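Colleague: Sending over a structure as structure tokens; questions will come in a sec.
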2 protein chains.
Amino acid sequence: MSANASPEERYELITRRLQEVLGGESIKAILQEGRHPKCYLAGVEVTILLADVHAFLDNLKAPLELVAYRTKYYQHVLLAVFRTLGIPTSKLRFVEGSSYQLSREYNMDNYRLSAIVTEHDAKKAGAEVIKQVESPLLSGLLYPGMQALDEQYLGVDFQFGGVDQRKIFTFAELYLPRLGYAKRAHLMNAMVPGLAGGKMSASDPNSKIDFLDPPAVVKKKIKMAFCEPGNVTDNGLLAFVKAVLIPISELRIERLNGTDTVLEAGLGDQSPFIAEGAPEGTIFSIVRPEKFGGTVHYKNYEDIEKDFADEVIHPGDLKGAVTDAIIKVLTPIQELYSQNAEWKEAAEKAYPDPNAKKELKKKEKKKQNRPPQVANTRADTKVLPSAVPDPPAAPENNVDPSKREVADEKAGGAEKLPKEPNGAIPM
Amino acid sequence: MSANASPEERYELITRRLQEVLGGESIKAILQEGRHPKCYLAGVEVTILLADVHAFLDNLKAPLELVAYRTKYYQHVLLAVFRTLGIPTSKLRFVEGSSYQLSREYNMDNYRLSAIVTEHDAKKAGAEVIKQVESPLLSGLLYPGMQALDEQYLGVDFQFGGVDQRKIFTFAELYLPRLGYAKRAHLMNAMVPGLAGGKMSASDPNSKIDFLDPPAVVKKKIKMAFCEPGNVTDNGLLAFVKAVLIPISELRIERLNGTDTVLEAGLGDQSPFIAEGAPEGTIFSIVRPEKFGGTVHYKNYEDIEKDFADEVIHPGDLKGAVTDAIIKVLTPIQELYSQNAEWKEAAEKAYPDPNAKKELKKKEKKKQNRPPQVANTRADTKVLPSAVPDPPAAPENNVDPSKREVADEKAGGAEKLPKEPNGAIPM
């Protein structure tokens, strides 16, 4: 993006591809004031909250003793994703929730908030984000209020998340001003359904691709993905193409063309997801042998969806294209992982082998011994990867990856959500 | 009490006159270990929690900006009560909740607790103590857990309160061990009904006597008290005689006789509530003219109750005796108040004249402008005065004392409770 883009252009850039914006006027006002000095991602400085305290507040998803390792692990994952994609990370700020959520001031505000928020409002706010259980825990009621306070304590102008966060966001808009703090704007991505159809499930690794899934696992998962011929409404693959792959492809094309782009060089194969010989304007290609109709090139998502609906494109065609694109995105991330001893150590400590000490009851206990879910991650302004990885399947111990809990992230906590958020990068 | 009283004697002394004891065995064990080095009030060191944070967590009873003044005010009240009665104060420890309830460690424990306590259990625990309203606030659910954590953070062996605290106490006994902390014992006084019959109400000053009520107000309140001839079941005056006046009288007799006592000299008229010429063993006398039957002397409470039931003693007789005794107890407290500029200043700031800035709407707003209730006070081991005073009716402004909120204290939060706790000092 040009450094002298107008406030209107910046606003469009910030909000493009989002499903919903609450309080957009306040963002426009900030841009009009010229408050975008470090022209980064459309003039937005990004704070990523590593929500370690929230992680166990949501039904103890992450046990306290593992939270610090998972926080470290997540930070590595996110940085690797940004670096490989070419998203500038110099102005990115990672903050651990526990670094300020245990302070005197924060807790006084938490108590003040609890004295004006009704049980009913707190419950309603968390209904889509907190795992709903038969005997709900008190922590689930604290969760929305703390997410609201975070906006104040992180000093952000707006918060970004999946549309599943909507009730928490409107809760924050209602209550922060009652504590004397500014009401923040909220940007929301659409949700992406799981690969298995329906909601993406943290307890079903086959419903999502993880950043460290090796190519063979990616192939297997996509092969198993629910993808009915002609069915475009319940189709996790199409949703993923629209929300993740096409935006990445478009940004790469912009960079190749030398048109205004926010992307840096990136790592690994940075070619867009278009085949050789694609006509000008192509953003996504589906490669297939001549005998099945030959490669098809698309200039927009809608045409892909239409062809799939008309069964011009078949599930196998789509699966092949998606598999190739995902492997292309993941390969440089996994290379960084293999070279990073600190990241690997964090992963091992964050997701200890659940069967290590339970050899005797291995089979019977398999299900119960699943490691708890990983820490939630929340981006308080924006830029979240669409999926957060499973813990890596360490080759040295024979852990069946399907027996590990899949990761979960705040802007789309999988288990509790109907869909994963659209992870497109709204640059 | 003799410094070499046996553990059994000490235990009897600690628990006499209580309605209920939970975990008495742990107290006996502590006494057996010889852990009563500073022989104070039956070998118990007393911590009084000035629960400033709790005060606004219970439906904002005390607004934040007034809490610090009310805490100060309360500390003066309690010290004056102890000094005048002759209760040793040298080993008394006052702690403000905010001095540790905003710390990192405490809040981490609060979050940990919230992640194992169900909404249901938190609600149930507070049912008798938290003001029950149509749209309950989140703060009411935090209240019981914090009262449990307080036991750990104040380092007490047992907590003392009215039987209205029973559910909070059993909650603490259940959950503290789950956080890895010791289960504490709990001592409970009976509740004392209000003067107006039924529960003592914070919003009805006539339902209770306040420490700073001048003699004329005491007389008026007692005169108006609900006291049906022969009715001993709904009779706040009889309950007060049993729970407060007789214990004070007995301790004074012990001191006069030079028998083992914990009382120091005290201030003001320290004579027991017995009339001249009372026979040996008298603990309470009801003085009346010969024409109404003459003065009656009692050696125990049961005989008073029986005589009242049989209408040998009439409401007017009882009211006279209670009025005299209360005024005798309050006079030295009020003398201390009149001599203490700091206390008076705290009182003025803690209970600002609600009409001062609202001259125009004085009459219409009288009810709404009532100052909120004062901070809760909690004694974590024992020794609580039976009643906590109204804010003083400052003579310089024409505030109708009946328009002020009456005080409320944790071990008997008036408004929310069926009865006030028995304020007898279980020495």
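Colleague: Going by the structure shown, is B:Asn189 of a type outside the set (Gly, Ala, Ser) and in contact with a strand residue (DSSP E or B) (Cβ under 9 Å, 6 or more places away or on another chain)?
Modeller: Yes: the conditions hold for B:Asn189.
Residues are listed down the side, and each one gets a yes or a no for (1) out of contact with any Pro (no Cβ under 7 Å at 6 or more places or on another chain); (2) within 14 Å of another protein chain (Cβ to nearest Cβ); (3) more than 30 Å from B:Ser338 (Cα to Cα):
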{"site": "B:Arg83", "(1), (2), (3)": "yes, no, no"}
{"site": "B:Glu96", "(1), (2), (3)": "yes, yes, no"}
{"site": "B:Tyr106", "(1), (2), (3)": "yes, yes, yes"}
{"site": "B:Ile116", "(1), (2), (3)": "yes, yes, yes"}
{"site": "B:Lys123", "(1), (2), (3)": "yes, yes, yes"}
{"site": "B:Gly126", "(1), (2), (3)": "no, yes, yes"}
{"site": "B:Val133", "(1), (2), (3)": "yes, yes, yes"}
{"site": "B:Gly140", "(1), (2), (3)": "yes, yes, yes"}
{"site": "B:Ile168", "(1), (2), (3)": "no, no, yes"}
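Colleague: Okay, moving on. Please give the number of the condition B:Ile87 fails out of (1) away from chain A (no Cβ under 13 Å); (2) open to solvent by 10 Å² or more (accessible area, probe 1.4 Å).
Modeller: With respect to (1) away from chain A (no Cβ under 13 Å); (2) open to solvent by 10 Å² or more (accessible area, probe 1.4 Å), B:Ile87 is out only on (2).
Colleague: Same structure again: Can you name the condition, by its number, that B:Ser207 falls short on among (1) more than 30 Å from A:Tyr143 (Cα to Cα); (2) within 13 Å of another protein chain (Cβ to nearest Cβ); (3) of a type in the set (Gly, Ala, Ser)?
Modeller: Unmet condition: (2).
Colleague: For the range B:134-158, what are the residues that are among the aromatic types (Phe, Trp, Tyr), over 14 Å from B:Val53 (Cα atoms) and either free of Cβ contacts under 8 Å to residues at least 24 places away in the same chain or part of a helix (DSSP H, G or I) (or both)?
Modeller: B:Tyr153
Colleague: Let me ask you something else. Scan the range B:298-310 and tell me whether some residue there is touching a Pro at 6+ places or on another chain (Cβ under 7 Å), of a type outside the set (Lys, Arg) and open to solvent by 70 Å² or more (accessible area, probe 1.4 Å).
Modeller: No, there is no match, as no residue in the range B:298-310 is touching a Pro at 6+ places or on another chain (Cβ under 7 Å), of a type outside the set (Lys, Arg) and open to solvent by 70 Å² or more (accessible area, probe 1.4 Å).
Colleague: Could you list all residues from the range B:151-166 that are under 19 Å from B:Val44 (Cβ atoms) and more than 14 Å from chain A (Cβ to nearest Cβ)?
Modeller: B:Glu151, B:Gln152, B:Leu154, B:Gly155, B:Val156, B:Asp157, B:Phe158, B:Gln159, B:Phe160, B:Gly161, B:Gly162, B:Gln165
Colleague: Here's something else I'd like to know. Suppose we filter A:Ala375, A:Ala394, A:Ala325 for residues that are modelled with pLDDT under 50, over 30 Å from A:Ala148 (Cβ atoms) and touching a helix residue (DSSP H, G or I) at 6+ places or on another chain (Cβ under 8 Å); which single one remains?
Modeller: A:Ala394
Colleague: Return a yes/no flag: does the range A:31-38 have any residue that is farther than 24 Å from A:Ser90 by Cβ and at pLDDT 70 or above.
Modeller: Yes, because at least one residue in the range A:31-38 is farther than 24 Å from A:Ser90 by Cβ and at pLDDT 70 or above.
Colleague: Could you tell me which of the residues B:Ala182, B:Ala190 is surrounded by fewer than 24 Cβ atoms within 10 Å (Cβ to Cβ), modelled with pLDDT under 90, touching an Asp or Glu at 6+ places or on another chain (Cβ under 9 Å) and away from chain A (no Cβ under 14 Å)?
Modeller: Result of the check over B:Ala182, B:Ala190: B:Ala190.
Colleague: List every residue pair whose Cβ atoms lie under 7 Å apart, where the two residues are 6 or more positions apart in sequence or sit on different chains, the first residue falls within the range A:159-175 and is free of Cβ contacts under 8 Å to residues at least 40 places away in the same chain, and the second residue, located anywhere, is part of a helix (DSSP H, G or I).
Modeller: Sorted first by the residue in the range A:159-175, then by its partner, the pairs are A:Ala172/A:Gln147; A:Ala172/A:Ala148; A:Ala172/A:Glu151.
Colleague: Starting from residues that are hydrophobic (A, V, I, L, M, F, W, C) and surrounded by 19 or more Cβ atoms within 10 Å (Cβ to Cβ), keep the ones in the range A:193-206 and report whichever is modelled with the lowest pLDDT.
Modeller: By that ranking, first place goes to A:Ala202.
The values are calculated or read from the model by the stated rules, or taken from the named source; none is laboratory data. As the structure is a computational prediction, the values presented were derived from the model and not from experiment. Neighbour counts run over all protein chains shown; Cβ positions are idealised from the backbone, glycine included. When the accessible area is computed, the model is the full protein with side chains, heavy atoms only, and any ligands, DNA or RNA have been set aside. Shrake-Rupley method; radii C 1.70, N 1.55, O 1.52, S 1.80 Å.
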